[in-house]
Amino acid sequence: MVRGAPRGTQGSTNEEDSDPHARAVSKKTRQGIDRIVVRFAGDSGDGMQLAGMQFTDTTALVGNDLSTFPSFPAEIRAPAGTLPGVSGFQIHFSDEDIKTPGDEPNVLVVMNPAALRVNLSDLPEGGVIIANRDTFTENNLDKAGYKENPLTDGSLSKYRVISLPISTLNAEAVKDIPELTRAQADRCKNFFALGIMFWLYDRPLDYTLQWIREKFSKMPSVAQANEKALKGGYTFAIATEQLPVQYHVNPAPIEPGLYRNITGNEAVAVGLIAAAKLTGKTVFYGSYPITPASDILHELSRYKNFHVKTFQAEDEIAAVSAAIGASFAGQLGVTGTSGPGFALKAEAINLAVMTELPLIVMDIQRGGPSTGLPTKTEQADLLQAFAGRNSESPVAIVAAATPGDCFYMILEAVRIAITYMTPVVFLSDGYLASGSEPWKIPKVSELPKFHIVHWTASEGFYPYLRDPKTLARPWVIPGTPGLEHRIGGLEKSDVTGNVSYDPLNHQKMTELRAKKIAGIAETIPDLEIFGKEEGELLVVGWGSTYGAIYAAVDRVQKKGRSVSAIHLRYLNPFPRNLGEVLRRFKKILVPEGNLGQLLLLLRGKYLVEATGLHKVQGRPFQIREIEQKIEEMLRWR
Amino acid sequence: MNPETLPNEPIKLTPKDFVSGQDVRWCPGCGDYSILSQMQKALADVGLPREKFVFVSGIGCAARFPYYMNTYGFHTIHGRAPAIATGLKCANPDLSVWVITGDGDGLSIGGNHLIHCIRRNLDLNILLFNNKIYGLTKGQYSPTSEFGKKTKSSPDGSIEHPINPLCIAIAAEATFVARSIDVYTQHLVETIKRAAAHKGTSFVEIYQNCIVFNDKAFGDVTDRAVRDDRILVLEHGKPMRFGKNKEFGIRLKGLQPEVVKVDEVGEKALLVHNEQDPEPNLAYLLTQMQNPDFPVPIGVFRFVERPTYDGMLNQKVTELIQQQGEGNLEEVLRGPATWTVK
């Protein structure tokens, strides 16, 4: 959604911290609300991600704007009922333009005591808790560290608690289905809860019913059980007096067009499949499973008829090496990983720097260092991308701003790699990778065209002859008669590409490699400023902070204050007008999910005063956190 | 190699056609000179044009090899040549891909990639030049150095048990396993040609002398005075005999080989070499035969068929396109569910 200026600059971006449920009335009525944030939470075996995704798809289909943020533990199945085993899925949906999954939930659906304990601190006073009270047993309360049952001891008096016997109701709903084990029956309770939520927010069941039938087509009793659970939850909600109000959120005024919901990792995969089509090349994806990048490997492995070949390598180094081999062969070599794997790939990336081969390296960042927080988000690999290799090692770096933007930025990475014969690092993170948003589907005819020319003439060929404009060397496909030549990691003589240890040649080649990357700036768009062209404060972001920053800046602008924002999707080289834009503002704020990495680069390159706002909690910024910092900075004149 | 893409006319090339013209910078007397020369002879007879060959190497003395071949070449990073060659071969299965590695590059830093390339059975050739020493870093012990070896980094003698390259290849179920020797020029040419002809990973260990840091690395078996008694040349379908007058043979005693005199036991008692045995057990046994208890076998240990990784990968692409047609990008962009905003 971040092509140029952000969506909704004309309309209002109302993300005030209001509680729509406060307006609930005592008898069963239908009430319109503008936006809501729901968080589903339960044990990692409770199917909360699935329930959340189903709710998301249906919410997209009814035309709300939305943004989601799943959160799950690193353990596949931590002991049931324990705090580390809690998995959550948050969705923010609205009748207006929204940019983030919401600072905090208005409604918390908890399937066990541990889910309540882990998530309660995020719920503001007056928030709604929908709890499966059947799981609040002595044993489960004990596992969650509760001495008394919070549903009955009065400790939740600040919230509106809707305590429902979901397990019992679910068991009742599916009891007549033949050949259904008790475990299978109990596993449907997420769909019972989903059915309740569908009624509560006035969503149709059709899409999920269809999904159930397709998903369990080979297990008819399971399909039937899930269907009964979903419908059971829905009809229970209609009947119960505990839910007196049904809420309705109108469709959002979104730019007309055909839409789908998309996560960042899906957008990356779709982008690479499109790249294969648009370049007429095979995309060779070498990867080693790693959270949160593995979904890209899963997705791409299903598209062989698009000339996408996937290779699950023996390790991270083999994954990038094989991709380099494919690039040398004249195809599009791509590798994807997260921070720890990116570190392992460093030496091989430098081989592609030295041999000047196109290569896409995708780093889906997560909390670190070392194994860190595998399933949590962070933006702390920018400097690793910039300088995490031996010697002078310039590479292009791009970063996506939203889940849907991953599609466009991966195509940009491909364009830069093949135009300039260089590795390109594409940065995403756990938040973008698994978060989702509605995405306007582009027309194939509107996508960029790629014209790749491979050198074939034997006359005048030298492996390191450069295109005068881009400084790219020729890309020759092995198998081309008469052009047999050798490349490698040793320093090359200018033009001929022969091995050279000549001191002046090394200086020249080092500078040429740097100049080539710097020259990419000629083909990247100038920054567009959100807000006034000059003024008191400029907020500078990159990557997944886009939504929170623009929503915060929008709020403060509406209060009549002088604050503007820019968002960097190109980190190396920077857009040409960056230095000049920075100098038009008295103060600069750089919020980022690290301890000041972009900040260091901006200060170093442009000698500007700038202040950082750093968050490394494995969670994205809340709008309010940035808003508060902006207001604080506008106060100190 | 896809037969349909081969040229119709047989290609006539000479060893000279494969000389790149770059100054060869190995030490005078290095075993690599002979290997280079035998490679140029062998490729002239393979029947492919020069541009179809790609030499991929890692780091080390052996890794300079691609610069001296007038073919495509890629001198990569330490230990990773099999991985780079894997991507290259998958992306362009029409190429004849050769990985040149050494005992350090292939078995120490790159051991992982070597094993996985072999088990996947990529259709490429791996030549491991074994000189039992680190040459380019000037003389440290390598993973194949013998126990007790005194080197710059093991002044008291190495306390590491050496790794056996062919044993690793067979454990990874290589489909073509062979050994030759730098100075056995005719044997080396023939071994390279057989490797070239094999569809699947061909793994060839070449005993190579390092004249500077480990001279006579294999002198105990290759010296002219002793070689007939200490080398067993394997030939498919023939009894295993060795010695100046082929007076010795190998017999199986229980699960162990033993050296016997042929005139005492008769030729029929000897093991007959079967390189096509689907079970790798005897081939493994042969890799365990070492001087001084046994003659050292050279030749083709194992030569079996198994589908190649690149062949299966590309076949799946072709099949899927035949079944479903070329992918429709619009469908992928649309994904599982869409809605229209008016």
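The values are calculated or read from the model by the stated rules, or taken from the named source; none is laboratory data. Since this is a predicted model, take the numbers as computed values, not measurements. Positions of Cβ are backbone-derived with ideal geometry, glycine not excepted, and every protein chain shown enters the neighbour counts.
Residues checked against (1) buried (at least 24 other Cβ atoms within 10 Å of the Cβ); (2) of a type in the set (D, E, K, R); (3) modelled with pLDDT of 95 or more:
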| residue | (1), (2), (3) |
| --- | --- |
| A:GLY388 | no, no, yes |
| A:ILE397 | yes, no, yes |
| A:ALA401 | yes, no, yes |
| A:SER434 | yes, no, no |
| A:VAL444 | no, no, yes |
| A:LYS449 | no, yes, no |
| A:SER458 | no, no, no |
| A:ALA472 | no, no, yes |
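Look at the stretch A:467-505 and say how many of its residues are within 12 Å of another protein chain (Cβ to nearest Cβ), among the β-branched types (Val, Ile, Thr) and in a loop (DSSP other than H, G, I, E, B). Counting residues in the stretch A:467-505 that are within 12 Å of another protein chain (Cβ to nearest Cβ), among the β-branched types (Val, Ile, Thr) and in a loop (DSSP other than H, G, I, E, B) gives 4.
Select from the stretch A:343-357 the residues that are away from chain B (no Cβ under 11 Å) and assigned to a helix (DSSP H, G or I) and list them in ascending order. Give the derivation first.
Applying the first criterion (away from chain B (no Cβ under 11 Å)) to the stretch A:343-357 yields A:343-344, A:353, A:356.
Residues satisfying the conditions are A:ALA343, A:LEU344, A:VAL353.
Within the stretch A:123-146, one or more residues are touching a His at 6+ places or on another chain (Cβ under 7 Å) and more than 29 Å from A:GLY404 (Cβ to Cβ).
Among the residues of the stretch B:29-82 satisfying the criterion of being of a type in the set (Gly, Ala, Ser) and within 16 Å of B:ASP17 (Cα to Cα), which is nearest to the other protein chains (Cβ to nearest Cβ)? Going through the qualifying residues, I end up with B:GLY73. Are any residues in the stretch A:257-304 surrounded by 24 or more Cβ atoms within 10 Å (Cβ to Cβ), hydrophobic (A, V, I, L, M, F, W, C) and more than 12 Å from chain B (Cβ to nearest Cβ), and if so, which ones? Passing the criteria: A:VAL268, A:ALA293, A:ILE296.
Here is a list: B:LYS132, B:LYS149, B:LYS138. Which entry is of a type in the set (D, E, K, R), on the phi > 0 side of the Ramachandran plot and crowded, with 16+ Cβ neighbours inside 10 Å? Lay out the reasoning, then the answer.
Details: B:LYS149 fails: on the phi > 0 side of the Ramachandran plot; B:LYS138 fails: crowded, with 16+ Cβ neighbours inside 10 Å.
Exactly one residue qualifies, and that residue is B:LYS132.
The single residue among B:LEU313, B:LEU285, B:LEU320, B:LEU232 that is part of a strand (DSSP E or B) and modelled with pLDDT of 95 or more turns out to be B:LEU232.
Every condition in (1) part of a loop (DSSP other than H, G, I, E, B); (2) in contact (Cβ under 8 Å) with a residue 24 or more places away in the chain; (3) in contact with a helix residue (DSSP H, G or I) (Cβ under 6 Å, 6 or more places away or on another chain) is met by B:VAL212 except one, and the failing one is (3). Against the test of being out of contact with any Leu (no Cβ under 9 Å at 6 or more places or on another chain) and either at pLDDT 95 or above or at negative phi (or both), the options A:ILE487, A:ILE524 yield a single qualifying residue, A:ILE524. Whether any residue in the stretch A:242-252 is within 16 Å of A:PHE55 (Cα to Cα), buried (at least 22 other Cβ atoms within 10 Å of the Cβ), hydrophobic (A, V, I, L, M, F, W, C) and in contact with a Lys or Arg (Cβ under 8 Å, 6 or more places away or on another chain) is what I want to check. Yes: one or more hits.
Can you list the strands (runs of 3 or more DSSP E) lying wholly within the stretch A:202-293 that have 3 or more residues being farther than 28 Å from A:GLY339 by Cβ, touching a residue at least 60 places away in the same chain (Cβ under 8 Å) and of a type outside the set (A, V, I, L, M, F, W, C)?
Details: elements: A:245-248, A:257-263, A:283-287.
Where strands (runs of 3 or more DSSP E) fall fully within the stretch A:202-293 and carry at least 3 residues being farther than 28 Å from A:GLY339 by Cβ, touching a residue at least 60 places away in the same chain (Cβ under 8 Å) and of a type outside the set (A, V, I, L, M, F, W, C), they are A:245-248, A:257-263.
Within the stretch B:83-117, the residues that satisfy the criterion of being more than 8 Å from chain A (Cβ to nearest Cβ), surrounded by 24 or more Cβ atoms within 10 Å (Cβ to Cβ) and either without any contact (Cβ under 8 Å) to a residue 40 or more places away in the chain or among the β-branched types (Val, Ile, Thr) (or both) are B:VAL97, B:VAL99, B:ILE100, B:THR101. When the test is whether a residue is over 23 Å from A:GLY102 (Cβ atoms) and assigned to a strand (DSSP E or B), A:LYS605 does not pass it. Here A:ILE254 fulfils each of the conditions (1) within 7 Å of chain B (Cβ to nearest Cβ); (2) closer than 28 Å to A:TYR201 by Cα; (3) of a type outside the set (Asp, Glu); (4) more than 23 Å from the chain's Cα centre (by Cα) apart from (4). Tell me, please, whether a residue that is within 14 Å of chain B (Cβ to nearest Cβ), within 26 Å of B:LEU114 (Cα to Cα) and either surrounded by fewer than 24 Cβ atoms within 10 Å (Cβ to Cβ) or not hydrophobic (A, V, I, L, M, F, W, C) (or both) can be found in the stretch A:358-373. Yes: the stretch A:358-373 contains one or more residues that are within 14 Å of chain B (Cβ to nearest Cβ), within 26 Å of B:LEU114 (Cα to Cα) and either surrounded by fewer than 24 Cβ atoms within 10 Å (Cβ to Cβ) or not hydrophobic (A, V, I, L, M, F, W, C) (or both). Looking only at residues of the stretch A:294-308 that are in a helix (DSSP H, G or I) and charged (D, E, K, R), we find that the one that is nearest to B:LEU88 (Cα to Cα) is A:LYS304. Here the stretch A:150-199 is the region considered, the condition is being in a strand (DSSP E or B) and in contact with a Lys or Arg (Cβ under 8 Å, 6 or more places away or on another chain), and the residue that is nearest to A:LEU120 (Cα to Cα) is A:SER163. Scanning the stretch B:290-342 for residues that are of a type in the set (S, T, N, Q), under 30 Å from B:ALA85 (Cα atoms) and in contact (Cβ under 8 Å) with a residue 40 or more places away in the chain turns up B:THR308, B:ASN314. Contact map, the stretch B:37-54: first residue at positive phi, second residue β-branched (Val, Ile, Thr), Cβ cut-off under 9 Å, separation 6 or more or different chains; pairs are B:GLY47/B:ILE11. If you go through the stretch A:54-93 and keep only what is of a type in the set (A, V, I, L, M), crowded, with 21+ Cβ neighbours inside 10 Å and in a helix (DSSP H, G or I), you end up with just A:ALA60. Of the residues making up the stretch A:305-342, those that are of a type in the set (Val, Ile, Thr) and at the interface with chain B (Cβ under 7 Å from one of its Cβ atoms) are A:ILE317, A:ILE324.
Applying the criterion of being of a type in the set (D, E, K, R) and crowded, with 21+ Cβ neighbours inside 10 Å to the residues of the stretch B:276-331, the residue that is nearest to the other protein chains (Cβ to nearest Cβ) is B:ASP310.
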